[in-house]
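Have a look at the structure below, then the notes.
The values are calculated or read from the model by the stated rules, or taken from the named source; none is laboratory data. Just so you know, these numbers come straight off a predicted model, no measurement behind them. When we count neighbours, we look across all protein chains shown, and the Cβ atoms used for this are built from the backbone with ideal geometry, even at glycine. Calculation scope for accessible area: heavy atoms of the full protein, side chains included, ligands and nucleic acids excluded. Shrake-Rupley method; radii C 1.70, N 1.55, O 1.52, S 1.80 Å.
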Amino acid sequence: MTLGTQKMLVGGLALLLAAAGLRAGAQNQTQAQQSVPNAPQPQTLPTLNSITPVAPALPSTPSQAGASTSATDGAVPATTDAQTPEPVQEQGPPPVTERSQANTLSVSVQYHAIPFTVKDSKGRLVPGLTYRDVRVYENGVLQHTSVFLTDPAPLSVGLVIDQSVTTDTMEKVNDSLSALQGAFSPYDEVAVFTYNNGVKEQTTFTAAQSARLGAVLEQSKGIGRDPIMGLTGPLAHDQVINNMPIDGVPDSGHQPGTLSFTVPKEYHTLNDAILAAAKQVARADYHRQRIIYVISDGKEYGSKATQKEVIRFLLTNHIEVWATQVGESAIKGMGFVDRVHIPFTMRDDALPKYTSATGGQFDSEFRPKGIENGFSQITAEVRAQYTVGYYTHESPYNESYRKTEVRVLRPGLTIIAPDGYYPNASDNARMRPKTATTTTPATPAPTSAPTTTPAPQ
């Protein structure tokens, strides 16, 4: 190969290498240009007419198909339109179902718990319900169930014994008191109050199975009172001659031919007694079930506190009233006329209003054995209660009465629950679902109540 030919080959190879380098550089520049994102394109703002309106959400209503509603004793379950579906609860975590998980705090919002009893058409307790069967409403708005408990809580009981009943009724109550202690469990605590012409605290909270409670119940037995009318006139002489009564004798104090009756004044301070017991029960730990148990004939006269004031205190501090009604009021058909209350006269039917307003029940018993059985029956029904808890949607600054309603999605059932409640500041320290950074609070102080003094002797 000649020298000229070699020079031509070297020059051609150099041209090829230069062309390949230019081509690679062009490809790299193209890739770099493609990796840079495009600038945002200008957009046209929508006009008012182009926006589709959205209807506001309506609150859920408590109407539902075939559901039983909360009712007072003996109430007939309401029927609803079979085509109306039950509102679905708000989406959220499943409720707490163990009491040990529900005994601590989480966040500072208003929490409310409602204990309730469920019975069938024959008055028998209904077990086996779950949170899916229950709906709870506050002021007509469906609430999300955060807690649903079926296991019983220990009881804090304020026992109120009426000593203003007649002597024969008091004897029956006295004979039955020995069986009362056996109706409680070792985890319960009991405070005892008696009343006649005023209220007396026999003991503050003591263990239900302690010897002290047995001794206190023994000393709480009264003598009652006889409805005896005093007589003056010719049938009540204080002077006689030859074993014969004398009319018109000077200084005898009697007018001849006259007859008059002196009716002794009675005091039945039931309102004051329930209020005194409620003040004690309100100091119990909130994780215990707060109960006032009354043994009385239901008569009320002479209390300083009104029934309305006492019921408000009970609902504010979440206390239920249960009762055994004794005496003539417990006999079927007796006291029917007394249900029409005449102002400024004695009220003979005060107990039903207390029990229905607070979600408790009352049992009428006339015989001593029936009174003993009533003790066990009431405590058994208290322990069979369900508890549903929720975080209220109401403002914490709204202290007005809040109406509540519990429904069960099964037909033919009767639900016995409080009609509502009054919120207070200690509601923020109530039972909450358990979290990792929570602690149990100190027992909240009870809401203030009207001060009472015993009726004059």
Original post:
Within the bounds of region 137-144, is there any residue that is touching a His at 6+ places or on another chain (Cβ under 9 Å) and crowded, with 19+ Cβ neighbours inside 10 Å?
Top reply: yes
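Here is a yes/no grid of residues against (1) of a type outside the set (A, V, I, L, M); (2) outside any loop (DSSP other than H, G, I, E, B); (3) at pLDDT below 90:
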| position | (1), (2), (3) |
| --- | --- |
| K304 | yes, no, no |
| K308 | yes, yes, no |
| G335 | yes, no, yes |
| T345 | yes, no, yes |
| T355 | yes, yes, no |
| F366 | yes, no, yes |
| I371 | no, yes, yes |
| G374 | yes, yes, yes |
| V382 | no, yes, no |
Original post:
Of the residues L125, L149, L213, L129, which single one is surrounded by 21 or more Cβ atoms within 10 Å (Cβ to Cβ) and either touching a Leu at 6+ places or on another chain (Cβ under 6 Å) or touching a residue at least 40 places away in the same chain (Cβ under 8 Å) (or both)?
Top reply: L149
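Suppose we filter region 359-404 for residues that are under 17 Å from Y421 (Cα atoms) and open to solvent by 40 Å² or more (accessible area, probe 1.4 Å); how many remain?
Counting residues in region 359-404 that are under 17 Å from Y421 (Cα atoms) and open to solvent by 40 Å² or more (accessible area, probe 1.4 Å) gives 11.
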Original post:
Out of all the residues in region 344-379, which are touching a residue at least 24 places away in the same chain (Cβ under 8 Å) and within 30 Å of R132 (Cα to Cα)?
Top reply: T355, S356, A357, T358, G359, G360, Q361, F362, I378, T379
